[in-house]
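Worksheet for the structure shown next.
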Amino acid sequence: MDLQQIKYFLALSRELHFWNTAGKMNITQSALSRQIQSLENQLGVQLFERNKRNVKLTAAGQFLKEKWEVELNKLEFIHQSARQIQLGESGTITISHPDSISASLMPEILSRISDAFPKLKIKLVQVLYENQQDYLRNYKIDLAITRDINNAKDIQSQKIHTDHLALVVPENHPYQTPEDLTKETLASQKFILPTNDEGSSYSDLIRRLFNSLENAPEVYLHSEFGSAIIALVRKGLGIAILPDSYLFHEIPGLRFIKLPLETDLYINWRTEDHNPVLANVLKLIVP
């Protein structure tokens, strides 16, 4: 069994079609069939159920697909690290970040990285709260910028910035100052808020705000995407509480009312990650 056979297996497990897979892997269909059969013989496990019309994974094949995909990601990371050590300050770094800092903090961070390492490729992604740590552990991302405190031992965190929460309302809304947000006025408001993720310190911050007002507002819509929330507020479908960094998006028709609540931003990375590119980038970001 060799690495290429595993790659053939994973490609076929995604396509479930010998002809299509063979074309994508640049081999003949008969050669692909021999490689898969050889792998099954070496393992003593049937990986696919196949007939003239269909190909599907067996239970054992599905198990190996899930495990090998993770292990190949780790192996690719090892190979990439070796190439980066040889080439120096080049390669690719993948960074996840919240939508709220797309126009505020991210341009500054990316400018620093680009100036220091012009050959470095940067990939930006947005990852759901519940997937962030798994994406780091499985080498799908290298850095995660979050608004949540991380307590995992295998992931290191450092605070890099602080924003304020803001009440976001249409320009013609009666709310003008933080003092307008009271227990009495809340009764007539509909809120559109970020998804209430269990264990999220950012969600806890919003809950504490409403607890201080001794009122649970009517929340009729939750969204993971701040841009979607802002669009709905502009449409007059409700009001929201978001980081004031959305001000940098320069969206007309909205009023941002800064609240006396801070929301911190953290940079997170794998504790045992010795990638030299990652170390260099961290030096530019971490105060």
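The values are calculated or read from the model by the stated rules, or taken from the named source; none is laboratory data. Nothing here was measured: the structure is a model prediction, and the numbers come from that model. Note that we place each Cβ from the backbone using ideal geometry, even for glycine, and neighbour counts take in every protein chain shown. Note: areas computed on protein heavy atoms with side chains; ligands, DNA, RNA excluded. Shrake-Rupley method; radii C 1.70, N 1.55, O 1.52, S 1.80 Å.
Would you check if there is a residue in segment 257-267 being without any contact (Cβ under 8 Å) to a residue 24 or more places away in the chain and open to solvent by 50 Å² or more (accessible area, probe 1.4 Å)?
No; the residues of segment 257-267 include none that is without any contact (Cβ under 8 Å) to a residue 24 or more places away in the chain and open to solvent by 50 Å² or more (accessible area, probe 1.4 Å).
Which condition number in (1) at pLDDT 90 or above; (2) open to solvent by 70 Å² or more (accessible area, probe 1.4 Å); (3) at negative phi is the one that ASN26 fails?
Of everything listed in (1) at pLDDT 90 or above; (2) open to solvent by 70 Å² or more (accessible area, probe 1.4 Å); (3) at negative phi, ASN26 misses just condition (3).
All but one of (1) in contact with a helix residue (DSSP H, G or I) (Cβ under 7 Å, 6 or more places away or on another chain); (2) over 21 Å from LEU75 (Cβ atoms) hold for ASN51, so report the exception by its number.
Failing condition for ASN51: (1).
Where the second residue is open to solvent by 90 Å² or more (accessible area, probe 1.4 Å) and part of a helix (DSSP H, G or I) and the first is basic (Lys, Arg) and lies in segment 34-47, which pairs have Cβ atoms under 8 Å and are six or more apart or on separate chains?
No pair meets every condition.
Name the single residue that is nearest to LYS258 (Cα to Cα) among those in segment 221-240 being touching a residue at least 24 places away in the same chain (Cβ under 8 Å) and of a type in the set (D, E, K, R).
ARG234
Go over the candidates ILE141, ILE122, ILE109, ILE113 one by one and state the one that is of a type in the set (Val, Ile, Thr), touching a residue at least 40 places away in the same chain (Cβ under 8 Å) and outside any helix (DSSP H, G or I).
From the options ILE141, ILE122, ILE109, ILE113, the qualifying one is ILE141.
Quick check: is even one residue across segment 93-101 of a type in the set (D, E, K, R), open to solvent by 20 Å² or more (accessible area, probe 1.4 Å) and within 18 Å of the chain's Cα centre (by Cα)?
The answer is yes, given that some residue of segment 93-101 is of a type in the set (D, E, K, R), open to solvent by 20 Å² or more (accessible area, probe 1.4 Å) and within 18 Å of the chain's Cα centre (by Cα).
Pairs please, first residue from segment 1-28 and under 14 Å from PHE48 (Cβ atoms), second anywhere and basic (Lys, Arg) and open to solvent by less than 60 Å² (accessible area, probe 1.4 Å), Cβ atoms under 6 Å, 6+ apart in sequence or on different chains.
Here the result reads SER13/LYS65, each pair linking segment 1-28 to a residue that is basic (Lys, Arg) and open to solvent by less than 60 Å² (accessible area, probe 1.4 Å).
Test each condition in (1) open to solvent by 60 Å² or more (accessible area, probe 1.4 Å); (2) part of a helix (DSSP H, G or I); (3) touching a residue at least 12 places away in the same chain (Cβ under 8 Å) for LYS56 and report the one that comes out false.
(2)
Restricting segment 144-188 to residues that are open to solvent by 50 Å² or more (accessible area, probe 1.4 Å) and of a type in the set (A, V, I, L, M, F, W, C), which is modelled with the lowest pLDDT?
So the residue we want is ALA187.
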